[in-house]
Amino acid sequence: MAALIAPGLAQDRDNDRCAGARNVTLVNGKIHTLDPRNSIVSSVAIRNGKFTAVGREPRSDDDPCMRTINLRGRTAVPGLVDNHNHFLLLGLRPGHDTRLETAASIADVQAAIRARTRTVPAGAFITAMGGWTAAQFAENRLPTLAELDAAAPNNPVLVFNTFLGPATTNTLGRTFFTGKGVVVDATGNVGAGGPSLAALNALRAIQTFDDKKQGTLDAMAYSASVGVTTNVDMGGFVIPGTPNIQDSDVFDTLASWDPFTAYDPLLALHDEGKVSVRVRIFFLSMDHNPDVPLTAISATIWSAVRASASSPPAGRCSAIRSRPTTAPR
């Protein structure tokens, strides 16, 4: 009996010890190292986030927590850095986001939405907001109510173009929006500007904090799926009516948020250990009154930059002269 139990206990101890381990070996691939020689190797080993072997496989008994992934000839590259995006706004958009960047036709739009229905509950809103244009579709138009019904008969859908619309919805979506006073025609069209923003704000009004956390998780998954492991987030516009904004510029658009609460879902996920990509924050200020301390500091910094750019010391890169000559708003 002891002989039977002991291996099980040892395995349990190994599982406990390896919980949360980030050790992985990639083998049988074409791995671009981007070193000075642009080397391409077939295997690498990573321990605790650092490369410990490049071009050779570690001994299998070196680390019992090491996970091996066979790339089977596929190419692997270092994670990409997107140095200007609005990653957090994507996570905050209401509904279950569906990316349409690669859709080339209405049929592709339907396929993407149909696939999304398999991952969300019946009755939950499916949305595709921003990042695409109708001009990319062969039909050069938005999908109709009937076409969205065919793709998602059991889920309300909103397909929202640009920052201000226009948008289209299906039957379930039309029922929801008209019940909120949003004007939607019989074929599912929601006009650009006021009507589309009313539809957007109707969805924002029913969005919970957990919804925003899930949206941020979905944004992370999408980022990683296209190889972007670092997002330099450039912020958003200030939604009208946000408290404590003094005389900041405000805009009601798809690219707007409350800057005081916008980071809370990401921070909550960080506290839970669920952040899977890097996020670098650019705190966009829409203040323009010099009495606001942040604006005054910004103006002072840019004054110093302009002064140093006017007479750079010997050896300084001349590119500093190309900096803006006015303080950012």
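No value in this document is a laboratory result; all are computed from the given coordinates. Since the model is a prediction, treat every value here as computed from it, not as a measurement. With ideal geometry, Cβ positions are generated from the backbone for all residues, glycine too; neighbour counts draw on all protein chains shown.
At a glance:
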{"read-out": "Fraction of alpha-carbon pairs over 13 Å apart in segment 119-183 - percent", "value": "63 percent"}
{"read-out": "21 Å Cα-Cα reach of K274 towards lysines, excluding residues that sit fewer than 8 places from it in its own chain", "value": "K50, K212, K213"}
{"read-out": "Segment A122-E57, extension gain: residue separation times 0.36 nm, minus the distance between their alpha carbons", "value": "18.7 nm"}
{"read-out": "Positive-end residue of V41, G55, G73, charge dipole of segment 24-78 with Cβ unit charges", "value": "G73"}
{"read-out": "Förster radius 51 Å - calculated FRET efficiency between V183 and V77 (Cβ-Cβ, nearest 0.05)", "value": "0.60"}
{"read-out": "Sequence-distant residues sharing a close amide H with R67 (under 5 Å, placed H)", "value": "N23, V24, T25"}
{"read-out": "³J(HN,Hα) computed for each position of segment 257-264 - Karplus, 6.51 cos²θ - 1.76 cosθ + 1.60, integer Hz, glycine/proline x", "value": "7, 8, x, 7, 10, 4, 8, 4"}
{"read-out": "Mean separation of Cα contacts under 8 Å, 6 or more apart, over the residue count of segment 95-206: relative contact order %", "value": "23 percent"}
